[in-house]
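Written below as C-alpha coordinates is the structure these notes are about.
The values are calculated or read from the model by the stated rules, or taken from the named source; none is laboratory data. These figures come from a predicted structure and were not determined experimentally. Cβ: placed from backbone, ideal geometry, glycine included. Neighbour counts: every protein chain shown.
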Amino acid sequence: MRQATIHSEPTMHLRTLTLRAALRACCALPLLAAAQPSIPSTTVAFKKGSTSAAFNGKLQGSAAGTRDYVVRASAGQKMTVELQTTSTSTHFNVLPPGSEEALYRGEMEIEPQWSGVLPASGDYRIRVFLNRAAARQGKSATYGLKIAVVN
(Lines give C-alpha, C1' and ligand atoms only; values in the text may rest on other atoms or scores of the structure.)
Protein backbone atom coordinates (compact mmCIF):
# COMPACT_ATOMS: atom_id res chain seq x y z
CA MET A 1 0.00 0.00 0.00
CA ARG A 2 1.39 3.33 -1.01
CA GLN A 3 1.26 6.22 1.46
CA ALA A 4 0.34 9.55 0.11
CA THR A 5 2.16 12.65 1.23
CA ILE A 6 -0.23 15.47 1.67
CA HIS A 7 1.06 19.05 1.48
CA SER A 8 -1.49 21.36 2.85
CA GLU A 9 -1.83 24.38 0.59
CA PRO A 10 -2.58 26.78 3.49
CA THR A 11 0.48 25.53 5.42
CA MET A 12 2.80 26.07 2.43
CA HIS A 13 1.32 29.53 1.88
CA LEU A 14 1.81 30.43 5.55
CA ARG A 15 5.48 29.30 5.42
CA THR A 16 6.06 31.39 2.30
CA LEU A 17 4.49 34.46 3.91
CA THR A 18 6.50 33.99 7.10
CA LEU A 19 9.74 33.68 5.12
CA ARG A 20 8.94 36.78 3.08
CA ALA A 21 8.13 38.77 6.23
CA ALA A 22 11.40 37.68 7.87
CA LEU A 23 13.40 38.68 4.79
CA ARG A 24 11.70 42.09 4.65
CA ALA A 25 12.41 42.68 8.34
CA CYS A 26 16.10 41.81 7.93
CA CYS A 27 16.42 44.09 4.93
CA ALA A 28 14.66 46.94 6.75
CA LEU A 29 16.96 46.92 9.82
CA PRO A 30 19.76 48.93 8.18
CA LEU A 31 17.19 51.44 6.96
CA LEU A 32 15.75 51.84 10.46
CA ALA A 33 19.20 52.35 11.92
CA ALA A 34 19.97 54.97 9.29
CA ALA A 35 16.67 56.72 10.03
CA GLN A 36 17.56 57.24 13.70
CA PRO A 37 18.15 60.94 14.25
CA SER A 38 21.72 61.80 15.18
CA ILE A 39 22.38 63.78 18.33
CA PRO A 40 23.40 67.37 17.58
CA SER A 41 26.81 68.23 18.98
CA THR A 42 28.95 71.22 19.80
CA THR A 43 32.74 71.00 19.83
CA VAL A 44 34.11 72.64 22.97
CA ALA A 45 37.10 74.90 22.30
CA PHE A 46 38.58 76.74 25.25
CA LYS A 47 39.65 80.34 24.62
CA LYS A 48 43.40 80.91 24.74
CA GLY A 49 44.59 80.86 28.35
CA SER A 50 41.25 79.52 29.64
CA THR A 51 40.49 76.09 31.11
CA SER A 52 36.69 76.40 31.05
CA ALA A 53 33.82 77.20 28.72
CA ALA A 54 30.14 78.00 29.33
CA PHE A 55 27.13 77.31 27.13
CA ASN A 56 23.41 78.05 27.21
CA GLY A 57 20.87 75.89 25.45
CA LYS A 58 17.30 74.73 25.13
CA LEU A 59 15.94 71.21 24.85
CA GLN A 60 12.52 70.53 23.34
CA GLY A 61 10.64 67.22 23.20
CA SER A 62 11.92 64.04 21.57
CA ALA A 63 13.33 65.58 18.38
CA ALA A 64 15.55 68.15 20.14
CA GLY A 65 15.69 66.69 23.63
CA THR A 66 19.43 65.87 23.60
CA ARG A 67 22.68 67.70 22.81
CA ASP A 68 26.30 66.56 23.06
CA TYR A 69 29.23 68.79 23.97
CA VAL A 70 32.47 67.20 22.74
CA VAL A 71 35.62 67.93 24.76
CA ARG A 72 39.08 66.68 23.75
CA ALA A 73 41.10 65.89 26.88
CA SER A 74 44.01 63.75 28.05
CA ALA A 75 44.24 60.90 30.52
CA GLY A 76 45.03 62.22 34.01
CA GLN A 77 43.41 65.62 33.49
CA LYS A 78 40.56 66.64 35.79
CA MET A 79 37.20 67.54 34.26
CA THR A 80 34.43 69.40 36.07
CA VAL A 81 30.91 69.77 34.65
CA GLU A 82 28.09 71.83 36.16
CA LEU A 83 24.53 72.04 34.86
CA GLN A 84 22.24 74.93 35.83
CA THR A 85 18.54 74.51 35.10
CA THR A 86 15.19 74.94 36.80
CA SER A 87 13.92 71.76 35.13
CA THR A 88 13.91 68.60 37.24
CA SER A 89 13.72 66.65 33.94
CA THR A 90 17.07 67.88 32.57
CA HIS A 91 20.26 65.90 33.26
CA PHE A 92 23.69 65.20 31.81
CA ASN A 93 25.95 62.19 31.35
CA VAL A 94 29.71 62.13 30.84
CA LEU A 95 30.72 59.60 28.17
CA PRO A 96 34.38 58.59 27.72
CA PRO A 97 36.03 58.26 24.28
CA GLY A 98 34.48 55.52 22.13
CA SER A 99 31.98 54.37 24.76
CA GLU A 100 28.31 54.68 25.66
CA GLU A 101 29.10 53.55 29.23
CA ALA A 102 28.81 56.77 31.25
CA LEU A 103 31.40 57.86 33.81
CA TYR A 104 28.63 59.96 35.35
CA ARG A 105 24.86 59.47 35.01
CA GLY A 106 22.97 62.58 35.99
CA GLU A 107 19.59 60.91 36.48
CA MET A 108 21.13 58.85 39.27
CA GLU A 109 22.56 61.81 41.20
CA ILE A 110 21.07 64.53 43.40
CA GLU A 111 23.42 67.37 42.41
CA PRO A 112 23.82 68.29 38.72
CA GLN A 113 27.61 68.47 38.86
CA TRP A 114 30.51 66.09 38.36
CA SER A 115 34.25 66.22 38.79
CA GLY A 116 36.72 63.45 38.07
CA VAL A 117 40.14 62.46 36.78
CA LEU A 118 39.91 61.26 33.18
CA PRO A 119 40.94 57.62 32.57
CA ALA A 120 41.80 57.95 28.85
CA SER A 121 42.77 60.47 26.20
CA GLY A 122 40.29 61.39 23.49
CA ASP A 123 36.92 63.03 22.88
CA TYR A 124 34.61 63.04 25.89
CA ARG A 125 30.92 63.75 25.33
CA ILE A 126 28.86 65.69 27.83
CA ARG A 127 25.31 64.66 26.90
CA VAL A 128 22.61 67.06 28.14
CA PHE A 129 19.12 65.60 27.83
CA LEU A 130 15.49 65.64 28.89
CA ASN A 131 14.43 62.46 30.64
CA ARG A 132 12.30 60.13 28.51
CA ALA A 133 8.94 61.07 30.06
CA ALA A 134 9.49 64.83 29.57
CA ALA A 135 10.74 64.33 26.00
CA ARG A 136 7.71 62.21 25.06
CA GLN A 137 5.38 64.85 26.51
CA GLY A 138 7.05 67.51 24.35
CA LYS A 139 8.29 69.50 27.34
CA SER A 140 11.10 72.01 27.01
CA ALA A 141 13.87 73.25 29.28
CA THR A 142 16.59 75.85 29.16
CA TYR A 143 19.97 75.24 30.74
CA GLY A 144 23.44 76.59 31.37
CA LEU A 145 26.44 74.28 31.19
CA LYS A 146 29.98 74.92 32.45
CA ILE A 147 32.82 72.59 31.48
CA ALA A 148 36.35 72.89 32.86
CA VAL A 149 39.45 70.76 32.19
CA VAL A 150 42.69 71.25 34.15
CA ASN A 151 46.00 69.40 34.36
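Key figures for this structure:
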| read-out | value |
| --- | --- |
| Of all residues in region 81-115 being in a strand (DSSP E or B) and touching a His at 6+ places or on another chain (Cβ under 9 Å), the one that is modelled with the lowest pLDDT | ARG105 |
| Residue check, ARG67 modelled with pLDDT of 95 or more, part of a strand (DSSP E or B) and within 15 Å of the chain's Cα centre (by Cα) | yes |
| PRO112 vs. criteria in contact with a helix residue (DSSP H, G or I) (Cβ under 7 Å, 6 or more places away or on another chain) and without any contact (Cβ under 8 Å) to a residue 60 or more places away in the chain | yes |
| Selected residue (only one of PRO112, PRO97 is in the same structural domain as MET79 (by TED's automatic domain parsing), in contact with an Asp or Glu (Cβ under 6 Å, 6 or more places away or on another chain) and not acidic (Asp, Glu)) | PRO97 |
| Among (1) out of contact with any helix residue (DSSP H, G or I) (no Cβ under 9 Å at 6 or more places or on another chain); (2) surrounded by fewer than 20 Cβ atoms within 10 Å (Cβ to Cβ) - the single one TYR69 does not satisfy | (2) |
| Residue that is farthest from GLY49 (Cα to Cα) [pool: residues in region 109-151 that are buried (at least 20 other Cβ atoms within 10 Å of the Cβ) and β-branched (Val, Ile, Thr)] | VAL128 |
| Unmet requirement for GLN77, which otherwise passes all of (1) surrounded by fewer than 20 Cβ atoms within 10 Å (Cβ to Cβ); (2) within 14 Å of the chain's Cα centre (by Cα) | (2) |
| Selected residue [closer than 14 Å to VAL117 by Cα, out of contact with any Asp or Glu (no Cβ under 6 Å at 6 or more places or on another chain) and in contact (Cβ under 8 Å) with a residue 12 or more places away in the chain] from GLY61, GLY76 | GLY76 |
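So that you can scan it fast, the table gives a plain yes or no per residue for (1) at pLDDT below 50; (2) within 23 Å of PRO97 (Cα to Cα):
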{"residue": "LEU14", "(1), (2)": "yes, no"}
{"residue": "PRO37", "(1), (2)": "no, yes"}
{"residue": "VAL44", "(1), (2)": "no, yes"}
{"residue": "SER50", "(1), (2)": "no, yes"}
{"residue": "ALA54", "(1), (2)": "no, yes"}
{"residue": "SER62", "(1), (2)": "no, no"}
{"residue": "ALA73", "(1), (2)": "no, yes"}
